[in-house]
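K.L.:
One structure coming up, written as C-alpha cells, with questions to follow.
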Amino acid sequence: MPRVSVCVSVLNQPELLHQTLKSIYEQTFKDWECIVVDDGSTVPIESIVSDFRDSRFSYHRFPENKGIPHGANYAYKLATGDYICSLGCDEFIWNEKLAVQVKYLDENPDISCIWGVPGNGPMGPVQSWEQYIFQAHNRSRELWLKCFLNLEGVPIGGGSAMWRRSLFDSIGYFNPELTAFSDHEWFVRVFEKHQGRILPYRFMNEVPGHKTICTRTEKNAAKLDTELAYVRNAHALQLPKTDGLITVAIPVFNHAKYLKFSLKALLSQTDQNFEVLILDDGSTDDPASVVAQFKDSRIQFARSEVNRGHMNTVNAMLEKAKGEFFVSYSADDTMSPDFLEKCRQEFVKDPFLEYVASQNDFMKEDGTAWEGEHPLTSIEKATNKARQDWLERLKFGNVYFGIGMYRTSALREVGGWDPSHGVISDYEMYLKLLPRYNFRIIEEPLTHTRIHGGNQSLLQPDESKKLARRYYNAQRPYYQPRPKVYIATPFYELKAFSPYCESLAHTCNLLTMHGIQWQIMRLEGDSYVHRARNSIVMNFLNDPWATDLFFIDSDMCWNPDAFVRMLFRPEPVLAGTYPVKNKWEWWTSKPVIYGENEDKHFKGINLPDGNILVEATQLAGGFLRVKRSVFEKYIEFYPMNTYKDTHPSEAERKTQVEFFATGIDREPDLLLLRDIEEEMNKANGSGVEMEKFRDRFKKLKEPRDFIGEDYCFSNRLRNMGIPLFIYPNVSISHFGIQGWSGNFQQFMNDNKREQLKQSQSAEKKGA
C-alpha cells in the first residue's frame, strides 16, 4: 500500500488538470497513488491522466455530475494510503509537499491534520518574516472550532492539507447535502475531536482568478448563507458570558494626586456592574486617604510595603479578580462615562472577542486637553483591522490602545503580563493574545492619558535606543523581523564607480517593491579597510531591527535581482564571485574546496530555483552578505578580539570588536600563519591553483607582508563552524580605482530629490 493517497476531483477544464497532475508527478516523495474522479465532464479527461503513463494514477468517471462531496467521498473510499491529500483541478503543489507533510505526521502522532500557509506566493519554506502567518493560525482545538464557525482565520485552500485516513473511521465522510461547505463542515467535525496545525510552508497555489462553487455571486449567495447557517446550527458552540462582572484593577505608585480623578471617572460609568481593586505598590504619598473619600463597597484597597513594579502589581490583581472581564486602569488616566458600557456592547455583538479597546487621546497634567500634535507621533492610532493586518502592523512597533477590556480567562491562559518588558509589556501582551484571539477597536477616544513628569521620560531621545531594544526582544519569540538590509560601502574620498550608483539605485527600488527595509551605510576617511569594516559592523549591530549586512565595494556593479535572491537565501554567509580588477584570479574569485579529488576546487549545490551554491573556504569581502546572527555569535566566540580605535581623536576613541583583521607584524597573525600552514598540510593539495596558493603563502611569511581581512574573517567563521557559500549567479563587474567615474554624495542627493518628488506626487494624488 502507498503511504499517501492524493485524491483529485475534476469537472471539465483539462488544461488545469494537467498542471495539477504534473505537480503530483514531480513530487520528490514517490510512495503515492493518485485517484482522479471525473464528475461527469463533457470534455475528454481520461487522456490527460493516461498521458503520464504512470500506474500510480487511476481514473474513475461518473456518467453525470453528482457534485463535489460525492466525487470526494468516492475517491476517499478507494484510497489505501496512510495519509490523504485532496486537490481540486485548479490547484498545484510544491514538489516537496508530500515529503515534508509525511515526515511531520510520522513524527507527531497527536496531530491529525496539517495545512500550509494560506494564499498564493513562492512555494516552499516561508521567509522568516512571514512566519507570523502560520503562528497566527496555530490554535487549540477549541479555538480552531471558533475560527471555522466564524469564518475568521480559516486556512485557505484545502489542497494544502494532509490528514490521516483513520479520520474517516472516527468522524465519517463529507456531507453530500452540502456543496460549497462540505469540506468546511467536515473540518469542523475534525476539530471537535482532533488537533491540527499550520506548518511554515506554502504547499499549494491556486490558479489566479479561477471561480469555484465557493465563489460568492448574486445567484448563489442565498444558498451559501443557508449552508453556513446549517453548519453553525449543527455544531453550535456554547457562547461565553457577556453580562458578567467587570474587574477594574488600579495599580498606584505615587499618583495619589491623580487617583481621585480616575476614581471619579470610574464611579460615574453608565455600566455599574464592576468591582474595583486598588493596590498601592509601596507609594511614599498617601493613596489610602484618597480612597477613603469614596464610600463605595465595591472598592477594595490593599498596600504592598515594597515597590514590586507596575506589571507585577497588575498580575497580583489579576489573580484575585472575580470578574468575567478585566480592565487595567492607570491611576493617572481617566475614561469617558460610557467606556465600560460600550466595551461590553462589543462583547455582546461578538461573544468570541477577547479584547476590546478604544482610541485614546491625551491631556496635560492639569487635566485640560492636549494641544497640538499627538505626543507619541511614532505610534499609530488604533483602528479595526483583520487579524493578519494587526500582526503585520505590530511587527513594526506599538499601537497605543490606552485602556482596554480583556476577557479574564484569556489573560490567565497566556500567563498575564511579562514584567521583563517594562513599559512595553502591554505590547508584548498584544503579541501573545492576537495570534489566538480576536480584537475589536471602538473608533472614538473614550480613554484619556495624562502626560506628566512621570511618563514624559518615555518621550526623550536618550530613551529611544532602550525602547527599540525592548521592542526587538519582545517581538523575537513571536516572529522574526522582516529583513532590514544595510548596504555598506567603505569609500575613499566618496569616489565611486558610476555603474555602482546605478546598480544601487535599481537595487533599492527592488527592495522597496518587495517590502524590505533598507539603509545605505557609508564610511569615508579611514585608510585601513579592515578598521572601516569593523566600524560598519558595530553601527549595524546598534540597530536592533537590522537583519542583514551587505558589503559592496564602490568599484562594483551587479544585477539587482540577484542581490534580492541572495538576500532571501537562508545561508548565514553568502558572497558573489567576481574578477579582480578586470581579470579573473582564483585567489579572490574562485572558492577552494578540499574534496575527494584533490584537483577539484568547486563543489556545486543545486537549488530548487535552478541556481547553484558553491561551498568555499574563503570569501571575498567586496560583495558579501552576512546575517546578524553571525556577528552576534562571533562576539560570543571571540570575546577577546577587541581593540582601541586610534584613528579618531583621543576623546572619541572607543573599543571596537575586531571582526576583520589583517596580518601586519603582530603575534595573532603569526598564529594565523600557523593556521594556514596547518590547513595546507591537511589539504595536501596539488594542481595549478594549489601551487599558486603555496607560492602566495611563502610570500606571506616575509616581514611586513599581510594577510587580507577577507581571509582572516573567513578563517574565523570556519573555526566557529559557520559554512561559507558563494552564489555564482550574480553578475558582477569589478573595475578597481581606475574605474572611478562618479560621486556617491551626488548620487545620494539625487536619490533624496527623487524620493521627495515621489512623495509629493503621492500626496497630490491623495488630495
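K.L.:
Just to be sure before I move on: is HIS18 in a helix (DSSP H, G or I), assigned by TED's automatic domain parsing to the domain that holds PHE168 and more than 18 Å from GLY158 (Cα to Cα) in the structure I sent?
P.N.:
Yes: the conditions hold for HIS18.
K.L.:
Looking at GLU26 and the list (1) crowded, with 19+ Cβ neighbours inside 10 Å; (2) at pLDDT 90 or above; (3) not aromatic (Phe, Trp, Tyr), which single condition is not satisfied?
P.N.:
Just one mismatch for GLU26, condition (1).
K.L.:
Let me ask something else about it. Is it the case that LYS30 is basic (Lys, Arg), part of a loop (DSSP other than H, G, I, E, B) and farther than 22 Å from TYR173 by Cβ?
P.N.:
When the stated conditions are applied, LYS30 passes them.
K.L.:
Please work out which residue is modelled with the highest pLDDT, limiting yourself to segment 573-588 and to residues that are touching a Ser or Thr at 6+ places or on another chain (Cβ under 7 Å) and surrounded by fewer than 18 Cβ atoms within 10 Å (Cβ to Cβ).
P.N.:
PRO579
K.L.:
For segment 620-637, which positions are aliphatic (A, V, I, L, M) and more than 13 Å from TYR486 (Cα to Cα)?
P.N.:
ALA620, VAL630, ILE635, listed by residue number.
K.L.:
For ASP54, work out the one condition from (1) over 22 Å from ASP169 (Cβ atoms); (2) under 40 Å from the mean Cα position of the chain (by Cα); (3) part of a loop (DSSP other than H, G, I, E, B) it doesn't fulfil.
P.N.:
So the condition that ASP54 fails would be (2).
K.L.:
Which of the residues that make up segment 217-262 are touching a strand residue (DSSP E or B) at 6+ places or on another chain (Cβ under 8 Å) and either β-branched (Val, Ile, Thr) or part of a helix (DSSP H, G or I) (or both)?
P.N.:
Selection gives ILE246, THR247, VAL248, ILE250, VAL252, TYR258, LEU259, PHE261, SER262.
K.L.:
Scanning segment 479-517 for residues that are part of a strand (DSSP E or B) and over 26 Å from the mean Cα position of the chain (by Cα), which turns out modelled with the highest pLDDT?
P.N.:
Across segment 479-517, the extreme among qualifying residues is THR489.
K.L.:
Considering only residues that are over 36 Å from the mean Cα position of the chain (by Cα) and among the small types (Gly, Ala, Ser), look in segment 72-88 and name the one that is farthest from SER112 (Cα to Cα).
P.N.:
My answer is ALA75.
K.L.:
Output the qualifying pairs, or none if there are none: Cβ atoms under 9 angstrom, residues six or more apart or on different chains, first residue in segment 197-210 and farther than 14 Å from PRO122 by Cβ and assigned to a loop (DSSP other than H, G, I, E, B), second residue at pLDDT 85 or above and charged (D, E, K, R).
P.N.:
VAL207/GLU91
K.L.:
Sticking with this one: Suppose the filter is surrounded by 15 or more Cβ atoms within 10 Å (Cβ to Cβ) and either among the polar types (S, T, N, Q) or modelled with pLDDT of 95 or more (or both); does THR270 pass it?
P.N.:
no
K.L.:
Follow-up question, since we're still on this one. Identify the residue in segment 29-47 that is among the acidic types (Asp, Glu) and in contact with a Pro (Cβ under 7 Å, 6 or more places away or on another chain) and, among all such residues, is surrounded by the fewest Cβ atoms within 10 Å (Cβ to Cβ).
P.N.:
Applying the filter and picking the extreme gives ASP31.
K.L.:
Tell me, please, whether a residue that is of a type in the set (Asp, Glu), farther than 20 Å from ILE93 by Cα, touching a Gly at 6+ places or on another chain (Cβ under 7 Å) and not in a loop (DSSP other than H, G, I, E, B) can be found in segment 34-46.
P.N.:
Checked segment 34-46: at least one residue is of a type in the set (Asp, Glu), farther than 20 Å from ILE93 by Cα, touching a Gly at 6+ places or on another chain (Cβ under 7 Å) and not in a loop (DSSP other than H, G, I, E, B).
K.L.:
In addition: Of all the residues that make up segment 629-673, how many are out of contact with any strand residue (DSSP E or B) (no Cβ under 7 Å at 6 or more places or on another chain), of a type outside the set (Asp, Glu), at pLDDT 70 or above and surrounded by 11 or more Cβ atoms within 10 Å (Cβ to Cβ)?
P.N.:
The number of residues fulfilling the criteria is 9.
K.L.:
Taking GLN272 as meeting all but one of (1) more than 39 Å from the chain's Cα centre (by Cα); (2) touching a residue at least 12 places away in the same chain (Cβ under 8 Å), write down the number of the exception.
P.N.:
(2)
K.L.:
Continuing with this model, one more query. Report yes if GLU275 is outside the structural domain of TYR355 (by TED's automatic domain parsing) and charged (D, E, K, R), otherwise no.
P.N.:
It is false that GLU275 is outside the structural domain of TYR355 (by TED's automatic domain parsing) and charged (D, E, K, R).
K.L.:
Do we find a residue being buried (at least 16 other Cβ atoms within 10 Å of the Cβ), in a loop (DSSP other than H, G, I, E, B) and touching a helix residue (DSSP H, G or I) at 6+ places or on another chain (Cβ under 6 Å) anywhere in segment 88-105?
P.N.:
yes
K.L.:
Scan segment 317-328 and tell me whether some residue there is under 23 Å from TYR258 (Cα atoms) and part of a loop (DSSP other than H, G, I, E, B).
P.N.:
No, segment 317-328 has no match at all.
K.L.:
I've got another one for you. Could you check, for segment 291-308, whether at least one of its residues is in the same structural domain as LEU267 (by TED's automatic domain parsing), in contact with a Ser or Thr (Cβ under 6 Å, 6 or more places away or on another chain) and either assigned to a helix (DSSP H, G or I) or buried (at least 19 other Cβ atoms within 10 Å of the Cβ) (or both)?
P.N.:
Among the residues of segment 291-308, not one is in the same structural domain as LEU267 (by TED's automatic domain parsing), in contact with a Ser or Thr (Cβ under 6 Å, 6 or more places away or on another chain) and either assigned to a helix (DSSP H, G or I) or buried (at least 19 other Cβ atoms within 10 Å of the Cβ) (or both), which makes the answer no.
Residue-by-condition table, conditions (1) closer than 27 Å to ASP366 by Cβ; (2) in contact (Cβ under 8 Å) with a residue 40 or more places away in the chain:
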position: ALA249; (1), (2): yes, yes
position: ASP285; (1), (2): yes, no
position: HIS310; (1), (2): yes, yes
position: LEU318; (1), (2): no, yes
position: PHE326; (1), (2): no, yes
position: PHE339; (1), (2): yes, yes
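The values are calculated or read from the model by the stated rules, or taken from the named source; none is laboratory data. Small disclaimer: the values here were computed from a predicted structure and weren't measured. No Cβ is skipped: glycine too gets one built from the backbone with ideal geometry, and neighbour counts run over all protein chains shown.
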